[in-house]
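For reference, the structure discussed in these notes is given below.
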Amino acid sequence: MRLSVVFAGLNGAIAVALGAFATHSMAGEEMSHARDLVETAAHYQLVHAAGVAAIAALAHQVPDERLLRWAAYAMLAGILFFCGALYVIAFAGISAFGMVAPIGGLAFITGWLMLAGAGWKRFSA
């Protein structure tokens, strides 16, 4: 779970930096769509970085942490595919990456459901 904490911290820092970049450097009406994409991606990246950090903290409370480990992996995959696709569209203008974003969205949902399953499993006894 050490890598989960490292990745959570790195993703949090990247999200804040890119969100600030979008707010301060992507001014003007011609940049509004790209700015919106970056702000959305940064928001999701930051929320899920916090989710990964919470999962890493919970792993010490759960005897069998495999489900939590996979939940963290799923959220990290979501960051890569969903947020990454939005960043590519915003910065490179390659709109075909819009087809990749739903994969990341499904990974986010899967991660949250795995977290719920781990909680159910841990606290149902």
Quiz item: Being surrounded by 12 or more Cβ atoms within 10 Å (Cβ to Cβ) and hydroxyl-bearing (Ser, Thr, Tyr), is that true of even one residue in the stretch 88-100?
Solution: no
Quiz item: Given the residues Ile79, Ile109, which is the only one that is of a type in the set (A, V, I, L, M), in contact (Cβ under 8 Å) with a residue 60 or more places away in the chain and either under 15 Å from Ala50 (Cα atoms) or surrounded by fewer than 21 Cβ atoms within 10 Å (Cβ to Cβ) (or both)?
Solution: Ile79
Quiz item: Restricting attention to the stretch 10-27, does a residue exist that is of a type in the set (Phe, Trp, Tyr), surrounded by 13 or more Cβ atoms within 10 Å (Cβ to Cβ) and under 27 Å from Ala116 (Cα atoms)?
Solution: no
Self-check item: Qualifying residues in the stretch 33-74 (those that are farther than 10 Å from Ala118 by Cα and acidic (Asp, Glu)) - the one surrounded by the most Cβ atoms within 10 Å (Cβ to Cβ)
Solution: Glu39
Quiz prompt | Checklist (1) more than 30 Å from Phe123 (Cα to Cα); (2) modelled with pLDDT of 95 or more; (3) touching a helix residue (DSSP H, G or I) at 6+ places or on another chain (Cβ under 7 Å) applied to Gly105, failing item | solution = (1)
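The values are calculated or read from the model by the stated rules, or taken from the named source; none is laboratory data. Only a predicted model underlies this, so the values are computations on that prediction, with no experimental measurement involved. Reconstructed Cβ throughout: ideal geometry from the backbone, glycine too, with neighbour counts over all protein chains shown.
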